[in-house]
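Trainee: First the structure, then my questions, so here it is.
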Amino acid sequence: MPPDHDIPGRALRALKSRPKGMTITELAKALGVNRNSVSKHLEVLQAAGQVDLQLVGNAKVYSIAQRVPLSAFLCFTKNLILVLDADLVIVQANDQCLARLGRPKEEVVGQNLREANLPIVSSPQALAVVESLEREQVITDIRYRHENGREAFYQMQAIPTTFEDGTKGCTIVLEDITDRKRYTQNMAFLARTAIDLVDLQPVEDIYRYIAEGLAELVPGAYAYIFSYDAADRQFIIRDLAGEGFREGLTELLGEDPVGLSLPIGRIFDPPYNQTPHSVRGIQEFVLRPEPSSWSLYDLCFEAIPREVCEAILARFDIQTLWVMGLVWRDEVFGMAGVFLSPGKGLENRETVESFVRQASISLARREAAEHLRQSEARFRGMIDSSPFGVALIDQDGRFTYTNRRFWEIFGYEPESKTTAIEWSRRIFPDDNDRLEAIRAWQSDLKRSAPGRIRPRTFVIRSRDGQKKTILSRAVTLPDGTEYVTCEDITEEVQTYRILLADIADLRRREQELLIKDRAIACTQRAVALLDPDGVVTYANAAYLALWGYPTAEEVQGSHFSRFWERSGEMRGIVRAVLNGEAWHGEQTARRSDGTRFPVDLLGTPIVAEGGRVIGMMAAATFRRNGA
């Protein structure tokens, strides 16, 4: 054999002994042939993929190509791999790819990628990448929707490939990134909804937002949202999501389901025995063809006729129901449910649970805000109904709130942020009277402590020029705010009206004067506020001290009759006052240690705007020796 014919084999053997590679000159010298001949054969070996070329300066350095057997690569990777020739004919496919494509090897290999109509790789997006492939590897993401509606994501790598015979082709590597993509999408969804639920205004429909969120997370499903009315122990349908779901239910039920009340509070009673803890997690119920546990009729607690339940399942081709309670801190705010058709599962289960938990927290926040608004309205209603003038003064000495009675006593209302010093110039036109009043106020404040009442009597001049004697009681609240009550004691009739609440059965003027004198002398009357059910919602420090309770928590939440010897009689008194009648008289109270003591009790109704009684104010004075 002529020496030139063995140049490729000799060159490969020489390169194997030199892992770092050799230049053309070095190979020509080692083989004993001319440089041009070596260069020609090296170009052929490079085209065949047997040697690699690296430029070092102006020199070409050749080395043995490091290649992995294609069969090993195909078997041991979890990715989907297709090998194509230059005409896009499939020459090889690994087992993972064949399993995902759902085709046997003989139906895939030899097919042209354009004509094979294979899932994923024959899509227009994938073909465009392969057909435009040149010398550089191309990486792109492919989005594909399967026939069952399931959406999948793949990262596709198109790699230029040279075969043993030197011909060109392409290797397609598909990595299933569906889980990664969904995780990213789910995290973005939860981040967005977390912000939305915080920013959602009170006037916006939070139930609509939750239903639309479930529909976005579970495409093609039917979702519903219930709110829970704890008072009436019933669920109320707040919203529905899903194509034609509301319209179809309206047709089957004969009425719009949104707003429909379902008396299914029995969920917490036998035989269901559910608890806020048990409904907190998501639960699956198979409804067709045979219920796995409860039927839809059972899950509706027989509130919807059985035949209508069966019609609903058939109409919307429902097989399973996923239910999760809108629960936060052991309090139920409603229920969320998702109906799925046969063959569909809840793929985003953890995300659905997280979203429902977000919604539960938002509902809890809304309810807390509503309770706070109602509490503030009730408090303002009670304060506005108080027979005393009330003012709040902040730490900077500026008025922040005054009630209606305060305006009536002084004849005008302090403007916003009016200071106490500016106010004093109005009610004490005489400089000496004003300085004396300010010194007295400051002296009382310096000697007092937060929570201690500071009584003081002042003679002021009202807007109409009349002099009035005002009994002021000030107390410093824990945040430094001054809570001030003012009582006009100028006229005996006004004093009787405020302290005795129109008690009509007092017989002698002497007794009225005695009660008046005692009321004026008493600077720490025991006061309790009751709700429309007669339950104590507030008790002041004097009340707690008189009855011997160290904390308000031991009193609040109890019916007012609990603190009296004749509880039945006291219930009648409370009912009378809550019906709009004032009551005054003597009663025997019972301390926390069981001892009895007599008190003078004044009960006045607390009336809100419109004349509605919203509670009762009870003022009690300890009567020593029964006097």
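Trainee: Can you tell me how many residues within segment 211-246 are among the acidic types (Asp, Glu), farther than 26 Å from ARG145 by Cβ and over 23 Å from the mean Cα position of the chain (by Cα)?
Mentor: The qualifying residues number 1.
Trainee: Continuing with the same structure: Do the conditions hold for GLY220, that is, is it assigned to a loop (DSSP other than H, G, I, E, B) and open to solvent by less than 70 Å² (accessible area, probe 1.4 Å)?
Mentor: Yes.
Trainee: Within segment 203-217, which residues are β-branched (Val, Ile, Thr) and in a loop (DSSP other than H, G, I, E, B)?
Mentor: Correct list: VAL203 only.
Trainee: Just to be sure I understand the filter: pairs with C-beta atoms under 6 Å, separated by 6 or more residues or on different chains, first member in segment 356-376 and closer than 19 Å to ILE195 by Cα, second member open to solvent by 60 Å² or more (accessible area, probe 1.4 Å) and at pLDDT 85 or above. Which pairs pass?
Mentor: Hits for this filter: SER360/TRP328; ILE361/TRP328; ALA364/TRP328.
Trainee: If I go through segment 334-357 residue by residue, how many of them are on the phi > 0 side of the Ramachandran plot and either more than 19 Å from the chain's Cα centre (by Cα) or open to solvent by 10 Å² or more (accessible area, probe 1.4 Å) (or both)?
Mentor: 1
Trainee: What is the one condition in (1) at pLDDT below 80; (2) open to solvent by 60 Å² or more (accessible area, probe 1.4 Å); (3) over 19 Å from ALA620 (Cα atoms); (4) not in a helix (DSSP H, G or I) that ALA504 does not satisfy?
Mentor: (3)
Trainee: Looking only at segment 67-85, decide whether some residue is hydroxyl-bearing (Ser, Thr, Tyr) and either open to solvent by 70 Å² or more (accessible area, probe 1.4 Å) or at pLDDT 85 or above (or both).
Mentor: For segment 67-85, residues hydroxyl-bearing (Ser, Thr, Tyr) and either open to solvent by 70 Å² or more (accessible area, probe 1.4 Å) or at pLDDT 85 or above (or both): present.
Trainee: Here's a follow-up. Looking at segment 6-47, which of its residues are touching a Pro at 6+ places or on another chain (Cβ under 9 Å), surrounded by fewer than 16 Cβ atoms within 10 Å (Cβ to Cβ) and of a type outside the set (A, V, I, L, M, F, W, C)?
Mentor: Residue satisfying the conditions is GLY32 alone.
Trainee: I need the full set of residues from segment 383-400 which are in contact with a Lys or Arg (Cβ under 6 Å, 6 or more places away or on another chain) and part of a strand (DSSP E or B), in order please.
Mentor: Scanning segment 383-400 gives GLY389, ARG398.
Trainee: Moving to a separate point now. Checking THR193 against (1) surrounded by fewer than 13 Cβ atoms within 10 Å (Cβ to Cβ); (2) under 39 Å from the mean Cα position of the chain (by Cα); (3) β-branched (Val, Ile, Thr), only one condition comes out false. Which one?
Mentor: The failed condition is (1).
Trainee: Where residues in segment 157-190 are surrounded by 15 or more Cβ atoms within 10 Å (Cβ to Cβ) and among the small types (Gly, Ala, Ser), which of them is nearest to the chain's Cα centre (by Cα)?
Mentor: Ranking the qualifying residues of segment 157-190, first place goes to ALA158.
Trainee: Report those helices (runs of 4 or more DSSP H) wholly inside segment 401-471 carrying at least 3 residues which are aliphatic (A, V, I, L, M) and either within 19 Å of GLU487 (Cβ to Cβ) or open to solvent by 40 Å² or more (accessible area, probe 1.4 Å) (or both).
Mentor: 420-427, 431-447
Trainee: So which residues in segment 26-64 are polar (S, T, N, Q) and touching a strand residue (DSSP E or B) at 6+ places or on another chain (Cβ under 9 Å)?
Mentor: Answer for segment 26-64, where residues must be polar (S, T, N, Q) and touching a strand residue (DSSP E or B) at 6+ places or on another chain (Cβ under 9 Å): SER39, GLN46, GLN50, GLN54, SER63.
Trainee: Sticking with this structure for a sec: Could you grab the pairs with beta carbons closer than 6 Å, sequence gap of 6+ or different chains, first residue in segment 553-571 and free of Cβ contacts under 8 Å to residues at least 24 places away in the same chain, second one part of a helix (DSSP H, G or I)?
Mentor: Matching pairs, first to second residue: SER567/SER561; MET570/SER561.
Trainee: Follow-up. Just to verify a result, which residue in segment 582-610, among those that are open to solvent by 50 Å² or more (accessible area, probe 1.4 Å), free of Cβ contacts under 8 Å to residues at least 60 places away in the same chain and out of contact with any strand residue (DSSP E or B) (no Cβ under 7 Å at 6 or more places or on another chain), is farthest from LEU544 (Cα to Cα)?
Mentor: Selected residue: GLY610.
Trainee: For residues that are in a loop (DSSP other than H, G, I, E, B), out of contact with any Leu (no Cβ under 9 Å at 6 or more places or on another chain) and over 20 Å from GLU307 (Cβ atoms), tally how many sit in segment 243-263.
Mentor: Matching residues across segment 243-263 total 3.
Trainee: Taking ILE304 and the conditions (1) modelled with pLDDT under 85; (2) in a loop (DSSP other than H, G, I, E, B), which numbered condition does it fall short on, given that it satisfies the others?
Mentor: Here ILE304 meets the rest and fails (1).
Trainee: Can you name the residue in segment 550-561 that is touching a helix residue (DSSP H, G or I) at 6+ places or on another chain (Cβ under 9 Å) and open to solvent by 30 Å² or more (accessible area, probe 1.4 Å) and, of all such residues, is farthest from ILE606 (Cα to Cα)?
Mentor: My answer is PRO550.
Trainee: Is segment 321-343 home to any residue that is of a type in the set (Gly, Ala, Ser) and without any contact (Cβ under 8 Å) to a residue 40 or more places away in the chain?
Mentor: no
Trainee: Quick check on THR481: is it open to solvent by less than 30 Å² (accessible area, probe 1.4 Å), at pLDDT 50 or above and within 52 Å of the chain's Cα centre (by Cα)?
Mentor: yes
The values are calculated or read from the model by the stated rules, or taken from the named source; none is laboratory data. Owing to the predicted nature of the structure, the values given are computational and were not obtained by experimental measurement. Virtual Cβ from ideal backbone geometry, glycine too; neighbours counted across all protein chains shown. Surface accessibility is based on the protein's heavy atoms, side chains included, excluding ligands, DNA and RNA. Shrake-Rupley method; radii C 1.70, N 1.55, O 1.52, S 1.80 Å.
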